Amino acid sequence: MSTSVEKKAELSPEVVRFLNTSVHRSYVGGRWVEAADGETFDVVDPGSGKKIATVTSLKKADVDKAVDAAADAFKNSGWATMPIPERCAILHRIADAVEKQIHNFAQIESLDCGKIYAQAVADIQNFVDTFRYFADLAQAFNYRSVIAVKHHEAWVARHPWGPCGFIIPWNFPFLLAGWGLAPALAAGNTCVLKPAEDTPLSALYLCHVLQEQELLPSGVLNVVTGFGETAGAALSSNPKFRRMSFTGSPEVGRLVAESCGRNLVPVKCELGGKGAAVIFEDVDIAATAEKLVQAITFHSGQVCCDATRWLVHRDIYSDFVDECITRMKSVQIGYPMDPGSQMGPLVNAKQVSRVLGYLKKGVAEGADLILEGGAATVPGKSGFYVKPALLAGSLNNVAAREEIFGPVAFIAPFSSEDEGLQLANDTEYGLGNSVWSQDLARCARVAENFRSGNGWINAHNVIVHGVPYGGIGKSGMGGGVVSPDTLNDYLRPISVVRPL
Ligand code: ADP
């Protein structure tokens with residue numbers, strides 16, 4: 001961890017002031033609002049288990065007003081009709097304003113979701129980069145494409161859709177807000193964002209910054225806080241949206257998609273994963289083990305595209321297992337804001353029970369627990385800490401089939417390229433898999449034949465602005481994120497044709 005990051009571990013006066021807000025209200029139509037029934041919920045620092053904020057808990061009628069505000073801003077604020085370079089300049093100004101306060105945002109994010117501080121800084125930078133990427137892309141985009149067809153003049157024109165909804169989870173709150181909002185805003189849409197109830201603070205802080213600096217017309221971005229079953233369900237059932245984007249579990253994704261389907265609101269779902277790493281016999285064993293252990297312990301394994309099934313060529317299997325175990329044992333578990341901590345807590349007590357429950361169920365179904373895992377303690381902190389764990393055995397095991405969302409990997413041997421690929425593809429999920437070998441022709445072959453949205457070579461979790469990223473099957477539907485395709489998703493096409 002760098003010195004500048006260490007220095008920032010002390011909370012800044014701005015963050016202290018923000019956290020001292022008695023009730024954090026939602027941001028609707030450029031104003032701060034509370035739930036009509038006055039209800040609130042508590043937000044907890046997962047690293048200490050202590051309450052850090054009280055947040056308003058909106059219900060359906062409150063949420064509907066936010067959608068109305070977004071619909072009104074779409075029609076009347078001038079955002080949708082603004083010259084594109086002007087709109088893009090505003091997105092750049094938002095990126096600059098966030099970057100200027102990167103350490104305030106990172107402190108809030110680290111406290112709110114238990115993220116290692118340096119990783120929180122990287123998430124905020126990713127938000128900034130996403131805004132800049134889409135601001136630049138939108139300026140150069142083709143909003144009117146001529147199509148050459150016989151005996152007709154034809155073209156496709158593209159317009160913003162209208163109000164768009166975003167329901168996001170707690171693992172990458174600010175980064176995912178950026179992935180959703182930036183393309184939608186760049187295309188001229190207006191937005192209502194619902195952060196997860198565990199992690200609403202960075203999105204609310206963003207609204208303070210936007211309001212203070214008058215960066216967006218009122219109603220262009222609205223942030224509603226509340227529980228999934230109430231505020232989230234209210235968003236997904238609102239027929240005034242023209243697009244909906246959901247990121248979270250497949251179970252809730254189904255509910256959101258069903259609800260949107262009833263209103264014929266197009267919906268994009270980014271769901272879970274059960275990624276595989278296929279590791280051939282010619283790899284540098286120590287270096288590859290290091291990367292996979294880093295990946296599974298990054299944000300305590302609460303990453304949907306993680307490699308959670310490690311498929312290792314039989315010739316190097318036992319050496320590989322030894323290298324992994326040594327590294328997993330030495331991961332420094334600690335409070336996310338403390339320098340030196342490498343892995344922080346899980347987001348809440350429910351996730352701890354989920355992770356420990358999967359270890360138990362996996363063993364009950366015959367898996368070998370070759371690195372035990374279990375609850376971890378951090379001196380002076382009563383947060384939600386667990387140790388990394390490694391299971392081995394038949395992949396026909398609940399812990400190898402279902403998404404655990406913790407620092408837990410399942411390892412198994414394979415003997416041939418075909419078998420490695422077949423094991424990797426034997427899942428209902430389809431987000432990101434990786435292949436590891438010095439033979440790049442073999443890597444390309446395997447990567448292209450993964451049944452998933454993304455195939456990575458000699459690395460895992462590689463998400464680059466400009467390259468489409470999305471899932472198939474139980475991992476997602478309706479389009480991906482961070483590429484030109486995403487900007488296109490937020491533009492409504494109309495084909496215009498004149499017979500000649
Ligand atoms: P996770 O498993 O990561 O907690 P969830 O799918 O439960 O993910 O939650 C992701 C987001 O979906 C959160 O913002 C949550 O509040 C919201 N949510 C949960 N239940 C519902 C629901 N029934 N309808 C709409 N949104 C929901």
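The phi-based Karplus calculation (6.51 cos²θ - 1.76 cosθ + 1.60; θ = phi - 60°) puts the 3J(HN,Hα) values of segment 291-297 at 5, 6, 5, 4, 5, 6, 9 Hz, whole numbers, x for Gly and Pro. Which entries in the list LYS268/LYS360; LYS59/LYS268; LYS291/LYS329 go over 25 Å, if you measure between the two C-alpha atoms of each? Table pairs above 25 Å Cα-Cα are LYS268/LYS360. Rolling a 1.4 Å probe over the protein heavy atoms leaves VAL121 with an accessible area of roughly 30 Å².
Simple rule: put +1 on each Lys or Arg Cβ and -1 on each Asp or Glu Cβ in the chain, find the dipole, and look at SER330, PHE41, LEU175; the Cα lying farthest toward the positive end is PHE41. Legend: distances between Cα atoms for LYS65/LYS274; LYS50/LYS361; LYS75/LYS150; LYS50/LYS274; LYS350/LYS381; LYS194/LYS350; pairs beyond 27 Å are LYS65/LYS274; LYS50/LYS361; LYS75/LYS150; LYS50/LYS274. Residues whose amide H lies under 5 Å from that of GLU39, counting only those 5 or more places away or on a different chain, are SER57; hydrogens are built 1.01 Å from N in the peptide plane. Its Cα centre serving as origin, segment 17-175 has a Cβ charge dipole (Lys and Arg +1, Asp and Glu -1) of approximately 280 debye.
Here the Karplus curve 6.51 cos²θ - 1.76 cosθ + 1.60, taken at θ = phi - 60°, turns the phi angles of segment 218-226 into couplings of 4, x, 6, 10, 10, 10, 10, 10, x Hz, with x standing for Gly and Pro.
Full extension of the chain segment joining ALA287 with ILE463 gains 61.3 nm, where the gain is 0.36 nm per residue of separation less the Cα-Cα distance. In segment 214-270, the convex hull through the Cα atoms has an average projected area of 4.5 nm², a quarter of its surface area. Within 10 Å of each candidate Cβ there may be at most 12 other Cβ atoms; applying that plus a DSSP loop requirement, which chymotrypsin sites (Phe, Trp or Tyr not before Pro) in segment 401-446 survive? In loop regions of segment 401-446 (DSSP not H, G, I, E or B), there are no sparsely surrounded chymotrypsin sites (Phe, Trp or Tyr not before Pro). If you wrap the tightest convex hull around every Cα atom of segment 292-411 and split its volume per residue, you get 95 Å³. Seen against the Cα atoms of the chain and their longest principal axis, helix 173-186 is set at about 40 degrees. Only protein heavy atoms count here; on that basis, with a 1.4 Å probe, GLU14 has an accessible area of about 70 Å². Kirkwood radius for segment 369-423, taken over all pairs of different Cα atoms as the inverse mean of 1/r, rounds to 13.1 Å. Gain on full extension, evaluated as 0.36 nm per residue between SER415 and GLU10 minus their Cα-Cα distance, stands at 140.7 nm. Name the residues whose placed amide hydrogens come within less than 5 Å of the amide hydrogen of ASN222, ignoring near sequence neighbours (fewer than 5 apart) on the same chain. The answer is CYS191, VAL192, LEU193. The long axis of helix 60-76 is offset from the longest Cα principal axis of the chain by roughly 60 degrees.
A convex hull fitted to the Cα coordinates of segment 250-327 yields 108 cubic angstrom per residue. The loop-placed GluC sites (Glu not before Pro) in segment 395-429, going by DSSP, that have at most 16 neighbouring Cβ atoms within 10 Å of their Cβ come out as GLU428. Compactness of segment 96-249 was expressed as the Cα radius of gyration divided by 2.2 N^0.38 Å, which yields 1.16. Taking the longest Cα principal axis of the chain as reference, the axis of helix 349-364 is set at about 40 degrees. Amide H contacts of ARG243: GLY165, each under 5 Å away and 5 or more positions distant or on a separate chain (H built 1.01 Å from N in the peptide plane; Pro and chain starts excluded). How high is the FRET efficiency between VAL149 and ILE84 when r is their beta carbon distance and R₀ equals 25 Å, given to the nearest 0.05? Efficiency, rounded to the nearest 0.05: 0.35.
For segment 309-346, chymotrypsin sites (Phe, Trp or Tyr not before Pro) meeting the loop criterion (DSSP other than H, G, I, E, B) and having at most 15 other Cβ atoms within 10 Å: none. With the biggest extent put first, the Cα atoms of segment 400-441 measure 32, 20, 18 Å across the principal axes. Taking 25 °C and 0.890 mPa s as conditions, segment 285-350 diffuses translationally at an estimated 189 µm²/s according to Stokes-Einstein applied to its Kirkwood radius (Cα pairs). Calculated FRET efficiency, ASP136 and VAL497, Cβ-Cβ r, R0 30 Å, to nearest 0.05? Step by step, r from the Cβ atoms, then E = 0.40. Could you compute the FRET efficiency for ALA157 and LEU440, with r as their C-beta to C-beta distance and R0 at 35 Å, rounded to 0.05? So the FRET efficiency works out to roughly 0.25.
Rg and Dmax over the alpha-carbon atoms of the chain stand at 23.1, 78 Å.
Once every DSSP H run of n ≥ 4 in the chain is given -39500 (n - 2.57) and the sum is divided by its residues, what mean residue ellipticity at 222 nm do you get, rounded to the nearest 500 deg cm²/dmol?
Calculated from helices alone, the mean residue ellipticity at 222 nm is -12000 deg cm²/dmol.
Model label sites at LYS75 and GLU229, defined 7 Å from Cα along the beta-carbon direction, differ in position by 3.5 nm.
The values are calculated or read from the model by the stated rules, or taken from the named source; none is laboratory data. Note that the structure is a prediction, hence the values are computed from the model and not measured. Counting neighbours? That spans all protein chains shown, and the Cβs are built from the backbone with ideal geometry, glycine included. Ligands, DNA and RNA are stripped out before the accessible areas are found, and what is left, the full protein with its side chains, is counted by its heavy atoms. Shrake-Rupley method; radii C 1.70, N 1.55, O 1.52, S 1.80 Å.
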